[in-house]
Amino acid sequence: MAEGTQGDVYLRYPHLHGDLICFVAEDDLWVAPLVPDPDMSNTAPPSSPSATDRKARPWRLTVDRTRIGTPRFSPDGTHIAYTNWRSLDPEVYLAPVDGGPARRLTYWGARDTRVCGWTPEGDILAVASHGMPFSYYTWSYRLPTDGSPGSRLPWGPVADIAVAELDGERRTLLLTGKPPHEPAAWKRYRGGAMGKLWLHGDEVLPGIGGHLDSVMFVGSRIAFLSDHEGVGNLYSCRPDGSDLRRHTDHADFYARHASTDGRRVVYQCAGDLWLVDDFSRTGTPRR
């Protein structure tokens, strides 16, 4: 598959909801239709997008021009939680998808605060080293959207967390033992901080031997990024660790910042965004 940036735009941190995708470009948060309407591609973007506009072109949600990252659509698709460095340290903000002022939800003052996703009930999942003696000791937090204080979850230091309802049961997926550096910054690192994947106290794929990132529930499978075969690509397996599959074949640049809506996975490679919506052995990603 060809790799390279389309035009001069470098797109990062994608996430999906329905027929919309959000991403970060030029230090602002954008939302766009997955399949733009070609008949409206040359018209000016709206200040407040209508239903027709949402099918036509991207629109910008923030004008901070400061570092932001890891946006995640709410389960109902009306808001996006993301991390913003406006106050120098990253904090969690919440912005309406249809436009309007963003609200700051945390005042943790931790250097590695990061939004991970949402609970099925509509609370934000985040990690931060707030109150910890070391910056890499991130714990997971459940954060309401009404501005009330979040609660620290009892899993100990974790680097990433995903929560889902599967077959009527609450399941929690954790990535532990990993510093807040993504694999693309530690290419082919093989030390003791590669990270471990856990599902309800059971380690998944204990012998994989790669640097892990972006753990997700996708359908009945667990998906994640790993560079155990040399370059960071997207993989999935069953919850018991069996049937390991590789879904991407990037050889020059790492797959990065993967996220899911529960059915599909979108990720960044170089400056392009890629979509995986077929997790069979014959499925291929689409730019």
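Before moving on, here are some points about what is shown:
- GLY209 sits among other residues whose Cβ lies under 13 Å from its own Cβ, and their net charge, with Lys and Arg +1 and Asp and Glu -1, is +1.
- Annotation: amide H-H contacts under 5 Å for HIS211 (H modelled 1.01 Å from N, sequence separation of 5 or more, or interchain): ASP227, HIS228.
- Percent of alpha-carbon pairs separated by more than 20 Å within the stretch 167-287: 37 percent
- In this rough spin-label picture, where each label sits 7 Å from Cα along the Cβ direction, the ARG170-ASP76 distance is 2.1 nm.
- Other residues with beta-carbon under 15 Å from the beta-carbon of THR113 carry, at +1 per Lys or Arg and -1 per Asp or Glu, a net charge of +4.
- In sequence order, the stretch 176-183 has phi-based couplings of 10, x, 10, x, x, 10, 7, x Hz under the Karplus curve 6.51 cos²θ - 1.76 cosθ + 1.60, θ = phi - 60°, and Gly or Pro positions carry x.
- Across the accessible surface of the stretch 157-287, with the other protein chains kept in place and a 1.4 Å probe, carbon and sulfur atoms take up 48 percent.
- Calculated from backbone phi, Karplus (6.51, -1.76, 1.60) coupling profile of the stretch 216-228 in Hz, x at Gly/Pro: 8, 8, 10, x, 9, 10, 10, 10, 6, 9, 8, 10, 5
- A simple rule links phi to the HN-Hα coupling: the Karplus curve 6.51 cos²θ - 1.76 cosθ + 1.60 with θ = phi - 60°, which for the stretch 60-69 gives 9, 9, 10, 10, 6, 6, 9, 4, 9, x Hz, with x for Gly and Pro.
- Each 10 Å bin from 0 upward holds the following percent of the Cα-Cα pairs of the chain: 6, 29, 38, 22, 5, 0.
- Along the chain, counting only chymotrypsin sites (Phe, Trp or Tyr not before Pro) with a DSSP assignment other than H, G, I, E or B and at most 12 other Cβ atoms inside a 10 Å radius, the longest segment between sites is 135-287.
- Amide H to amide H, with H built 1.01 Å from N, CYS116 comes under 5 Å of LEU125, ALA126, VAL127, counting only residues 5 or more places away or on other chains.
- Comparing Cα centroids, the stretch 73-120 and the stretch 167-205 end up 23 angstrom apart.
- For GLY241, no residue whose modelled amide H falls within less than 5 Å of its own remains once neighbours fewer than 5 places apart on the same chain are excluded.
- Solvent-accessible area per residue for the stretch 170-287 (1.4 angstrom probe, square angstrom): 41 Å²
The values are calculated or read from the model by the stated rules, or taken from the named source; none is laboratory data. These numbers come from a predicted model, not from an experiment. With ideal geometry, Cβ positions are generated from the backbone for all residues, glycine too; neighbour counts draw on all protein chains shown. What goes into the accessible areas is simple: the full protein's heavy atoms, side chains included, and nothing from ligands, DNA or RNA. Shrake-Rupley method; radii C 1.70, N 1.55, O 1.52, S 1.80 Å.
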